[in-house]
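One structure is given here, and the rest of the page talks about it.
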């Protein structure tokens with residue numbers, strides 16, 4: 001509480017300084033809101049000829065709208081930049097031109113609107129922190145977290161980047177070799193300077209900007225060749241695997257798992273008020289006692305938040321005057337594929353895993369039993385202060401998400417969309433065994449990008465723009481991002497793009513806090529391994545009750561480190577995380 005007073009400027013020497021802080025923080029809030037709104041309202045699409053979508057599957061391609069207002073456009077498809085379209089194209093389109101065009105458009109979203117706003121936001125954040133006596137915005141926001149200082153976060157990111165470096169290098173070499181062999185087998189050669197697209201448009205100008213590189217792996221190649229190798233080496237095909245995760249049935253079965261583990265029941269209640277016809281509401285009970293409300297808002301629509309997340313709608317607290325216990329409520333906001341005709345919406349394995357993760361946040365919210373709303377489960381995006389330390393926030397959900405690769409859970413959750421009849425295909429044991437290997441799949445490439453982004457976030461909030469990095473001076477935000485990412489991922493970034501202009505985390509409370517996912521994941525791996533080794537069974541009610549008692553229920557009434565030590569019975573370590581990523585041989 002004293003830290004919150006300090007952050008609000010109570011210790012400033014005069015009213016003038018406090019007013020100045022109020023103006024700066026108010027402007028920061030307004031800028032963040034405007035940036036987020038611009039991202040939400042962005043509906044950019046990219047028109048691609050069907051020829052460039054080869055490999056994506058006919059059903060997927062035919063589900064994409066056509067620009068019917070254009071003469072002769074019957075072979076063009078409009079590709080959204082949201083995950084249900086972007087991910088399949090990046091993973092499956094055999095056209096590197098299509099992949100580049102989509103990735104480039106995705107990383108150019110909102111850059112004209114949000115680029116200047118983001119520069120101003122970073123300036124104002126730094127000024128406010130200095131007014132409070134901090135050396136930077138990073139020092140200001142990290143003070144109340146588990147890490148405690150920018151120096152400790154820097155050391156953490158540096159350490160993790162060094163740990164994954166050998167794995168990253170081996171994976172990049174493997175991906176590069178596969179690209180060379182793939183292009184050689186296809187008989188490809190550099191494209192002619194004057195090729196015609198099916199639409200009749202000359203590609204002379206396009207080819208001046210784009211020619212296939214037969215030696216170097218490009219940033220738009222990574223998802224494609226990673227997916228190709230996954231199909232070849234693990235015999236895992238996302239398009240076939242998703243047939244076992246129809247959305248509605250998967251949600252029911254995931255909630256059943258949480259019901260068994262945590263002793264909760266989820267009863268759909270269509271009489272509860274909702275803000276859109278797509279939204280589904282549940283009453284959550286522990287035996288007959290109401291403990292909260294869960295809402296699911298699963299499908300994309302214009303102006304909606306474009307990723308997956310849990311948003312608290314009401315905190316848990318006890319009314320001081322009446323003694324009435326006020327139960328929490330939260331919503332899972334997703335952007336999952338809609339059903340098409342008679343075929344249900346199908347989730348990719350990664351989408352199912354993310355859904356399990358987000359529902360883990362929901363369980364944290366719903367199981368909180370704090371007396372004061374300030375100590376209820378929350379995170380920085382919500383309109384009331386409080387919540388657990390942000391770099392502890394992801395620990396429960398990341399621990400629970402790890403069940404998604406476990407055979408016991410897959411046998412319960414996976415069911416073919418055609419139904420549970422005797423002739424329905426089953427997820428065989430060989431496939432289940434391969435799914436378990438996904439935790440390590442391209443882990444070096446993935447983690448190096450994640451920790452590089454975390455380091456960029458820290459550096460961007462450790463000084464005011466323009467930036468200095470690695471001997472270079474006068475860098476803009478996008479320059480700093482490119483320099484950091486290129487150094488630690490060994491992948492050249494797309495010129496003329498501004499990834500940060502549409503990066504939600506910079507404006508929804510994760511400023512100088514993106515590292516928290518990795519920080520939490522290290523501890524989450526330790527928690528999960530402890531649960532898996534439980535003599536009662538990892539999904540047993542006994543294990544779940546202990547999780548509720550030591551991790552979920554306290555909310556912010558206890559420090560994250562204290563909760564971890566209580567649950568583990570010892571100091572947490574990073575050994576479980578390293579084992580899961582294949583860093584111990």
Quiz item: Based on what the data block shows, is residue 122 touching a strand residue (DSSP E or B) at 6+ places or on another chain (Cβ under 7 Å) and touching a residue at least 40 places away in the same chain (Cβ under 8 Å)?
Solution: no
Quiz item: Can you pull out the residues in segment 392-424 that are free of Cβ contacts under 8 Å to residues at least 40 places away in the same chain and in a helix (DSSP H, G or I)?
Solution: 407, 410, 411
Quiz item: Any residue in segment 148-159 that is outside any helix (DSSP H, G or I), at negative phi and either under 23 Å from the mean Cα position of the chain (by Cα) or not assigned by TED's automatic domain parsing to the domain that holds residue 470 (or both)?
Solution: yes
Quiz prompt | Residue list for segment 503-528, restricted to those being more than 12 Å from residue 157 (Cβ to Cβ) and in a loop (DSSP other than H, G, I, E, B) | solution = 503, 507, 508, 509, 510, 511, 513
Quiz item: Within segment 458-468, can one find any residue that is within 14 Å of residue 518 (Cβ to Cβ), touching a residue at least 40 places away in the same chain (Cβ under 8 Å) and not assigned by TED's automatic domain parsing to the domain that holds residue 133?
Solution: yes
Quiz item: Before we move on, is residue 488 out of contact with any helix residue (DSSP H, G or I) (no Cβ under 6 Å at 6 or more places or on another chain), closer than 28 Å to residue 35 by Cα and touching a residue at least 40 places away in the same chain (Cβ under 8 Å)?
Solution: no
Quiz prompt | Selected residue [surrounded by fewer than 18 Cβ atoms within 10 Å (Cβ to Cβ) and at pLDDT below 95] from 105, 186 | solution = 186
Self-check item: Qualifying residue in segment 350-363 (condition: buried (at least 19 other Cβ atoms within 10 Å of the Cβ), under 18 Å from the mean Cα position of the chain (by Cα) and in a loop (DSSP other than H, G, I, E, B))
Solution: no
Practice problem: Taking only segment 42-69 into account, find how many residues are assigned to a loop (DSSP other than H, G, I, E, B) and under 20 Å from residue 105 (Cα atoms). | Solution: 9
Quiz item: Only one of 511, 479 is at pLDDT 95 or above and more than 22 Å from residue 222 (Cα to Cα); which?
Solution: 511
Exercise. Scan segment 1-30 for residues that are surrounded by fewer than 12 Cβ atoms within 10 Å (Cβ to Cβ), more than 32 Å from the chain's Cα centre (by Cα) and not in a helix (DSSP H, G or I) and report the count.
Key: 3
Practice problem: Would you point out the residue of segment 440-491, among those that are in contact with a strand residue (DSSP E or B) (Cβ under 8 Å, 6 or more places away or on another chain) and in a helix (DSSP H, G or I), that is surrounded by the fewest Cβ atoms within 10 Å (Cβ to Cβ)? | Solution: 479
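The values are calculated or read from the model by the stated rules, or taken from the named source; none is laboratory data. Here the structure is a predicted model, which means the values were calculated and not measured. Ideal geometry is used to build each Cβ from the backbone, glycine not excepted, and the neighbour counts take in all protein chains shown.
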